[in-house]
């Protein structure tokens, strides 16, 4: 049995854990495990014997670690490594820091496929036209529509979401390329993916997915120069973070009819009421809900249980993302996890 402080707020317990996973948690001593924030006095009382700390945005300093001599792992459940953790202090103490980001892969990949099919076949555009009496019966719509069968697909970042999406796309027999400086060659080979430079990726992609983890180096990576290299009418699908694109350049290219756009993420959320994208017919806009479906985040809970059990056995395998010392400086605090948290609190 492992002693676990479980403070998921702003997330909910039933969002993270299926009924079966919640029952499996009973194998461990769970302190708190409720939807409201843990009372500070309870946290202080529990820290000296806690082995695992789970929180939406864990606050872990060297002083925290000094009060938690038994702590072995810190797990965040927002979806990104937060700047609120002293990673060097954790590494020095041998405390693992794990992120729930891989637990979004199934739901986000499913949404990515749905957005792609809807955009490629003009479903949103023709639905809107139909409601206004302007639908095009039996029309091929060759200026905008295309088939995914045999399509050339590109991924900016080929992590777990992209890998899951590649599996979903496999029946269409696409040609898949990726730009990912961190991806091991053996992983690319296993998925049958060609690793190429970013400019070549853009030039060859009928569909370009942005699925990379935000880092300090890739802010605005997809700018006007990259967009100009896309084939006319290419579909850009934004699934990870708006951090990776020059959003004004994306909006300009979409407005000019150079590209098609489907996006689940925006640089400022909610999107401004007067933003140009809201008025563009056929653009697919999703309010940051690619993982928002009943049970869509239960994989996170399953992974948490797996890794707690592995920790208790002294086994090395992890399903959650591990904060690696050579990469964490580029990752910690990057992206919009805090913004997502703010929006989640606004919904309550």
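Only one residue in 302, 225, 252, 309 is in a helix (DSSP H, G or I), surrounded by 14 or more Cβ atoms within 10 Å (Cβ to Cβ), at pLDDT 95 or above and not assigned by TED's automatic domain parsing to the domain that holds residue 82, so which one is that? Spell out how you get there, then give the answer.
Details: 302 fails: not assigned by TED's automatic domain parsing to the domain that holds residue 82; 225 fails: surrounded by 14 or more Cβ atoms within 10 Å (Cβ to Cβ); 309 fails: not assigned by TED's automatic domain parsing to the domain that holds residue 82.
Answer to the selection: 252.
Test residue 289 against the criterion of being in a helix (DSSP H, G or I), loosely packed, with under 13 Cβ neighbours inside 10 Å and modelled with pLDDT of 95 or more, and give yes or no.
Values: in a helix (DSSP H, G or I): no; loosely packed, with under 13 Cβ neighbours inside 10 Å: yes; modelled with pLDDT of 95 or more: yes.
In short, no.
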Candidates 261, 277, 271 - the one that is outside the structural domain of residue 19 (by TED's automatic domain parsing) and assigned to a strand (DSSP E or B):
261
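Taking helices (runs of 4 or more DSSP H) that do not extend beyond the stretch 73-188, which have at least 2 residues that are closer than 30 Å to residue 6 by Cβ and outside the structural domain of residue 312 (by TED's automatic domain parsing)? Walk me through it before giving the result.
Values: elements: 87-93, 105-120, 123-131, 160-169.
Passing ranges, in order: 105-120, 160-169.
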Applying the selection to the stretch 241-258, what residues are in contact (Cβ under 8 Å) with a residue 40 or more places away in the chain and either under 10 Å from residue 277 (Cα atoms) or touching a strand residue (DSSP E or B) at 6+ places or on another chain (Cβ under 6 Å) (or both)?
244
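I need the strands (runs of 3 or more DSSP E) fully contained in the stretch 1-56, keeping only those with at least 2 residues that are under 24 Å from the mean Cα position of the chain (by Cα) and either modelled with pLDDT of 95 or more or closer than 22 Å to residue 81 by Cα (or both).
In the stretch 1-56, 3-7, 52-55 are the strands (runs of 3 or more DSSP E) which contain 2 or more residues that are under 24 Å from the mean Cα position of the chain (by Cα) and either modelled with pLDDT of 95 or more or closer than 22 Å to residue 81 by Cα (or both).
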Kindly list, by first and then second residue, each pair from a residue in the stretch 3-16 that is without any contact (Cβ under 8 Å) to a residue 60 or more places away in the chain to a residue that is part of a strand (DSSP E or B) and surrounded by fewer than 22 Cβ atoms within 10 Å (Cβ to Cβ), limited to pairs with Cβ atoms under 9 Å and residues at least 6 apart or on different chains.
5/30; 5/31; 5/32; 6/30; 6/31; 6/32; 7/31; 7/32
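The values are calculated or read from the model by the stated rules, or taken from the named source; none is laboratory data. In this text the structure is predicted, and so the values were computed from the model without any measurement. Quick reminder, even Gly has a Cβ in these numbers, built from the backbone with ideal geometry, and neighbours come from all protein chains shown.
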